[in-house]
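Sharing a structure, written as structure tokens. Questions coming.
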Amino acid sequence: MGITTDKIMEVLAREISCKIVRRSAGGIYTLQSKPSKWCGVEMPGPTFKMFFDEKTNILTSSCMQEVMSEKFNRIAQDMMSEYYAV
């Protein structure tokens, strides 16, 4: 079992109201914001990519770099705390 980057990224995506639409073996995640209604028409949300380098623990993305890294690290810490508390 354990905590994986995929699990952390899934929680991160949920927290920022996105879903992971694609992930590659190289650590590249494609996220899409949830659809929103504009003038009564449902519009798909924007799509952006995030890359997590497991060697350096750096999360890079096409947008919101600092916010995502902080959230990723907080989620990882919370999950580790819960995992080892049990």
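Since every read-out is calculated from the coordinates, none of them should be taken as a lab result. This one's a predicted model, so the numbers in the text were calculated from it and none came from an experiment. For neighbour counting, all protein chains shown are included, and Cβ atoms are generated from backbone atoms with ideal geometry for every residue, glycine included.
So what's the angle, to the nearest 10 degrees on a 0 to 90 scale, between helix 65-85 and the longest Cα principal axis of the chain?
Orientation of helix 65-85: about 50 degrees from the principal axis.
Here's something else I'd like to know. Counting alpha carbon pairs within less than 8 Å and at least 6 residues apart, what relative contact order, in whole percent, applies to region 5-79?
Working: 95 pairs, mean separation 17.4, N = 75.
For region 5-79, the relative contact order is 23 percent.
Kindly give the semi-axes, whole Å and largest first, of the ellipsoid equivalent to region 5-79, taking each as the square root of 5 times a Cα gyration tensor eigenvalue.
Details: eigenvalues 113, 34, 22 Å².
Ellipsoid half-lengths, sorted descending, are 24, 13, 11 Å.
So what's the angle, to the nearest 10 degrees on a 0 to 90 scale, between helix 5-15 and the longest Cα principal axis of the chain?
With both axes taken from Cα atoms, the answer is about 40 degrees.
Got a sec? Which residues in region 1-30 would a label at Met80 touch, if it sits 7 Å along Cα→Cβ and we count backbone N under 16 Å?
2-9
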